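A.B. asks: Sharing a structure here in C-alpha coordinates format.
The values are calculated or read from the model by the stated rules, or taken from the named source; none is laboratory data. This is a predicted model, so every value here is computed, not measured. Methodologically, a virtual Cβ is constructed for each residue, glycine included, from the backbone with ideal geometry; neighbour enumeration extends over all protein chains shown. These accessible areas exclude ligands, DNA and RNA; they are computed on the full protein's heavy atoms, side chains included. Shrake-Rupley method; radii C 1.70, N 1.55, O 1.52, S 1.80 Å.
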Amino acid sequence: MLDRREFVQELLIDRQDLLVVSGLGSPTYDVAACGDHPLNFYLWGAMGGAAMIGLGLALAQPSLRVLVLTGDGEALMGLGSLATIGVKQPVNLVIVVLDNQHYGETGMQPSHTRAGIDLVAVAKACKFADGLHVSEMRDADRVRDLLHRGKGPILVSARISNADTPRVLPTRDGHAIKLRFMQAANA
(Lines give C-alpha, C1' and ligand atoms only; values in the text may rest on other atoms or scores of the structure.)
Protein backbone atom coordinates (compact mmCIF):
# COMPACT_ATOMS: atom_id res chain seq x y z
CA MET A 1 0.00 0.00 0.00
CA LEU A 2 1.26 3.48 -0.87
CA ASP A 3 1.92 6.47 1.32
CA ARG A 4 -0.29 9.01 -0.44
CA ARG A 5 1.85 12.11 0.04
CA GLU A 6 5.10 10.35 -0.89
CA PHE A 7 3.51 8.90 -4.03
CA VAL A 8 2.20 12.28 -5.20
CA GLN A 9 5.62 13.84 -4.60
CA GLU A 10 7.21 11.14 -6.76
CA LEU A 11 4.74 11.78 -9.56
CA LEU A 12 5.46 15.51 -9.61
CA ILE A 13 9.26 15.25 -9.71
CA ASP A 14 10.52 17.20 -12.74
CA ARG A 15 6.94 17.96 -13.80
CA GLN A 16 7.97 20.46 -16.49
CA ASP A 17 4.81 21.97 -18.04
CA LEU A 18 2.42 19.30 -16.75
CA LEU A 19 -1.05 20.73 -16.08
CA VAL A 20 -2.32 19.34 -12.77
CA VAL A 21 -5.97 19.32 -11.71
CA SER A 22 -6.29 18.24 -8.09
CA GLY A 23 -9.64 17.04 -6.83
CA LEU A 24 -11.48 17.81 -3.65
CA GLY A 25 -9.68 17.23 -0.35
CA SER A 26 -6.55 15.13 -0.01
CA PRO A 27 -5.40 15.33 -3.64
CA THR A 28 -5.34 19.13 -3.35
CA TYR A 29 -3.53 18.99 -0.01
CA ASP A 30 -0.94 16.62 -1.49
CA VAL A 31 -0.32 18.68 -4.62
CA ALA A 32 0.05 21.82 -2.48
CA ALA A 33 2.49 19.98 -0.19
CA CYS A 34 4.70 19.37 -3.22
CA GLY A 35 4.98 23.12 -3.72
CA ASP A 36 2.62 25.68 -5.15
CA HIS A 37 2.90 25.98 -8.93
CA PRO A 38 1.05 28.18 -11.42
CA LEU A 39 0.04 25.08 -13.41
CA ASN A 40 -1.80 23.60 -10.41
CA PHE A 41 -5.57 23.93 -10.63
CA TYR A 42 -6.88 23.22 -7.14
CA LEU A 43 -10.52 22.24 -6.77
CA TRP A 44 -12.12 23.15 -3.47
CA GLY A 45 -15.52 21.85 -4.37
CA ALA A 46 -17.34 20.45 -7.39
CA MET A 47 -17.00 16.87 -6.19
CA GLY A 48 -17.01 14.59 -9.19
CA GLY A 49 -15.83 17.33 -11.54
CA ALA A 50 -12.05 16.88 -11.62
CA ALA A 51 -12.02 14.41 -14.53
CA MET A 52 -14.26 16.60 -16.68
CA ILE A 53 -12.14 19.69 -15.99
CA GLY A 54 -9.11 17.63 -16.98
CA LEU A 55 -10.88 16.55 -20.17
CA GLY A 56 -11.65 20.15 -21.06
CA LEU A 57 -8.03 21.14 -20.52
CA ALA A 58 -6.73 18.18 -22.51
CA LEU A 59 -8.95 19.07 -25.45
CA ALA A 60 -8.18 22.80 -25.25
CA GLN A 61 -4.41 22.29 -24.82
CA PRO A 62 -3.55 19.23 -26.95
CA SER A 63 0.18 20.03 -26.92
CA LEU A 64 0.31 19.88 -23.11
CA ARG A 65 0.05 16.86 -20.80
CA VAL A 66 -2.78 16.87 -18.23
CA LEU A 67 -2.83 15.00 -14.92
CA VAL A 68 -6.03 14.69 -12.95
CA LEU A 69 -5.26 13.65 -9.39
CA THR A 70 -8.43 12.63 -7.60
CA GLY A 71 -9.78 10.30 -4.94
CA ASP A 72 -11.91 7.19 -5.25
CA GLY A 73 -14.98 8.94 -3.83
CA GLU A 74 -14.79 11.72 -6.39
CA ALA A 75 -14.09 9.27 -9.22
CA LEU A 76 -17.12 7.22 -8.20
CA MET A 77 -19.30 10.32 -8.06
CA GLY A 78 -18.27 11.24 -11.61
CA LEU A 79 -18.37 7.78 -13.20
CA GLY A 80 -20.19 9.08 -16.25
CA SER A 81 -17.22 11.29 -17.03
CA LEU A 82 -15.16 8.19 -17.81
CA ALA A 83 -17.54 7.34 -20.66
CA THR A 84 -17.28 10.87 -22.06
CA ILE A 85 -13.49 10.78 -21.81
CA GLY A 86 -13.48 7.40 -23.57
CA VAL A 87 -15.54 8.80 -26.42
CA LYS A 88 -13.35 11.92 -26.80
CA GLN A 89 -10.03 9.96 -26.56
CA PRO A 90 -7.69 12.72 -25.32
CA VAL A 91 -4.21 11.28 -25.85
CA ASN A 92 -2.67 13.77 -23.37
CA LEU A 93 -4.86 12.92 -20.33
CA VAL A 94 -3.92 10.74 -17.37
CA ILE A 95 -6.19 10.30 -14.35
CA VAL A 96 -4.61 9.03 -11.15
CA VAL A 97 -7.13 7.90 -8.54
CA LEU A 98 -5.78 7.89 -4.98
CA ASP A 99 -7.87 5.00 -3.67
CA ASN A 100 -8.07 4.51 0.09
CA GLN A 101 -11.44 2.77 -0.30
CA HIS A 102 -13.14 5.47 1.79
CA TYR A 103 -14.94 8.77 1.42
CA GLY A 104 -12.27 10.73 3.29
CA GLU A 105 -13.88 14.16 3.20
CA THR A 106 -17.20 13.06 4.67
CA GLY A 107 -16.17 10.85 7.57
CA MET A 108 -14.31 7.81 6.20
CA GLN A 109 -17.35 5.79 5.18
CA PRO A 110 -16.33 2.82 2.99
CA SER A 111 -16.46 3.61 -0.73
CA HIS A 112 -17.64 1.25 -3.44
CA THR A 113 -14.05 0.33 -4.33
CA ARG A 114 -13.89 -1.35 -0.93
CA ALA A 115 -16.86 -3.45 -2.07
CA GLY A 116 -14.95 -4.51 -5.19
CA ILE A 117 -15.79 -1.89 -7.81
CA ASP A 118 -12.74 -1.76 -10.10
CA LEU A 119 -12.20 1.72 -11.57
CA VAL A 120 -9.53 0.46 -13.98
CA ALA A 121 -11.97 -2.10 -15.40
CA VAL A 122 -14.62 0.63 -15.71
CA ALA A 123 -12.15 2.90 -17.55
CA LYS A 124 -11.15 0.12 -19.92
CA ALA A 125 -14.82 -0.63 -20.60
CA CYS A 126 -15.13 3.08 -21.45
CA LYS A 127 -12.41 2.72 -24.14
CA PHE A 128 -9.48 4.16 -22.18
CA ALA A 129 -6.23 3.38 -23.97
CA ASP A 130 -4.62 2.04 -20.80
CA GLY A 131 -5.28 1.46 -17.13
CA LEU A 132 -3.37 -0.06 -14.27
CA HIS A 133 -3.40 -0.75 -10.58
CA VAL A 134 -0.40 0.30 -8.48
CA SER A 135 0.30 -0.29 -4.80
CA GLU A 136 4.08 -0.01 -4.34
CA MET A 137 6.46 2.95 -4.57
CA ARG A 138 8.51 1.24 -7.26
CA ASP A 139 5.47 1.75 -9.52
CA ALA A 140 5.83 5.56 -9.31
CA ASP A 141 8.47 5.64 -12.07
CA ARG A 142 6.16 3.80 -14.46
CA VAL A 143 3.25 6.12 -13.66
CA ARG A 144 5.48 9.21 -14.07
CA ASP A 145 6.53 7.88 -17.49
CA LEU A 146 2.87 7.48 -18.46
CA LEU A 147 2.21 11.05 -17.33
CA HIS A 148 4.82 12.42 -19.72
CA ARG A 149 4.83 9.92 -22.60
CA GLY A 150 1.82 7.61 -22.39
CA LYS A 151 -0.92 7.69 -25.00
CA GLY A 152 -4.15 8.39 -23.19
CA PRO A 153 -6.63 8.42 -21.97
CA ILE A 154 -5.10 6.48 -19.09
CA LEU A 155 -6.49 5.72 -15.62
CA VAL A 156 -4.22 4.64 -12.77
CA SER A 157 -5.73 3.34 -9.53
CA ALA A 158 -3.20 3.87 -6.75
CA ARG A 159 -4.00 1.90 -3.59
CA ILE A 160 -3.07 4.22 -0.73
CA SER A 161 -3.13 3.86 3.03
CA ASN A 162 -5.77 5.47 5.23
CA ALA A 163 -3.15 7.26 7.30
CA ASP A 164 -4.14 10.73 8.42
CA THR A 165 -1.73 13.18 6.76
CA PRO A 166 -1.49 16.85 7.79
CA ARG A 167 -3.30 19.21 5.47
CA VAL A 168 -1.33 21.67 3.36
CA LEU A 169 -3.76 24.28 2.16
CA PRO A 170 -3.12 26.33 -0.97
CA THR A 171 -4.96 29.56 -1.55
CA ARG A 172 -8.73 29.26 -1.49
CA ASP A 173 -9.21 32.20 -3.84
CA GLY A 174 -10.75 30.40 -6.80
CA HIS A 175 -10.66 33.46 -9.02
CA ALA A 176 -6.94 33.97 -8.41
CA ILE A 177 -6.24 30.26 -9.00
CA LYS A 178 -8.14 30.38 -12.28
CA LEU A 179 -6.43 33.53 -13.57
CA ARG A 180 -2.95 32.34 -12.60
CA PHE A 181 -3.54 28.93 -14.18
CA MET A 182 -4.94 30.40 -17.41
CA GLN A 183 -1.99 32.75 -17.74
CA ALA A 184 0.57 29.99 -17.10
CA ALA A 185 -1.11 27.47 -19.41
CA ASN A 186 -1.28 29.93 -22.30
CA ALA A 187 2.31 31.16 -21.94
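A.B. asks: If you count only protein heavy atoms with a 1.4 Å probe, what accessible area per residue comes out for the chain, rounded to a whole Å²?
C.D. replies: For the chain, the per-residue accessible area is 45 Å².
A.B. asks: Could you rank Asp14, Asp139, Asp30, Asp173 by how accessible they are, 1.4 Å probe, largest area first?
C.D. replies: Listed by decreasing accessible area, they come as Asp14, Asp173, Asp139, Asp30.
A.B. asks: Less than 24 Å apart at the alpha-carbon level, and either on another chain or at least 8 residues along: which lysines does that give for Lys151?
C.D. replies: Excluding near neighbours in sequence, the set is Lys88, Lys124, Lys127.
A.B. asks: Additional query: Of the accessible area of the chain, with the probe set at 1.4 angstrom, what percent is carbon plus sulfur? Please report the intermediate quantities before stating the final value.
C.D. replies: Numbers: 4520 of 8450 Å².
Answer for the chain: carbon and sulfur cover 53 percent of the accessible area.
A.B. asks: When the chain is modelled as a GNM with alpha-carbon springs shorter than 10 Å, which of Ala50, Ala60, Ala121 fluctuates the most?
C.D. replies: Per the Cα network of the chain with a 10 Å cutoff, Ala60 tops the list.
A.B. asks: Continuing with the same structure: Roughly how many Å² of Met137 are accessible to a 1.4 Å probe, to the nearest 10?
C.D. replies: Accessible surface of Met137 is approximately 60 Å².
A.B. asks: So if I take the centroid of the Cα atoms in the range 125-141 and the same for the range 1-45, what is the distance between those two points in Å?
C.D. replies: For the range 125-141 versus the range 1-45, the Cα centre distance is 17 Å.
A.B. asks: Determine the shape class of the chain: with a ≥ b ≥ c the square roots of the Cα gyration tensor eigenvalues, call it rounded for a/c under 1.5, and otherwise prolate if a/b is greater than b/c, oblate otherwise.
C.D. replies: Details: a/c = 1.35, a/b = 1.10, b/c = 1.23.
Rounded is the answer for the chain, as its axis ratio a/c remains below 1.5.
A.B. asks: Nearest 5 is fine: what % of DSSP beta bridges in the range 11-145 come out antiparallel, could you say?
C.D. replies: 15 percent
A.B. asks: Heads up, I need the accessible area for Ile13: 1.4 angstrom probe, whole protein in place, Å², nearest 10.
C.D. replies: Here the residue's solvent-accessible area equals roughly 80 Å².
A.B. asks: So, one more: Which trypsin sites (Lys or Arg not before Pro) does the range 39-148 hold that lie in a coil by DSSP with at most 15 other beta carbons within 10 Å? Walk me through the intermediate numbers first.
C.D. replies: Details: sites: Arg65, Lys88, Arg114, Lys124, Lys127, Arg138, Arg142, Arg144; in loops: Arg65, Arg114, Lys127.
Answer in residue order: Arg114, Lys127.
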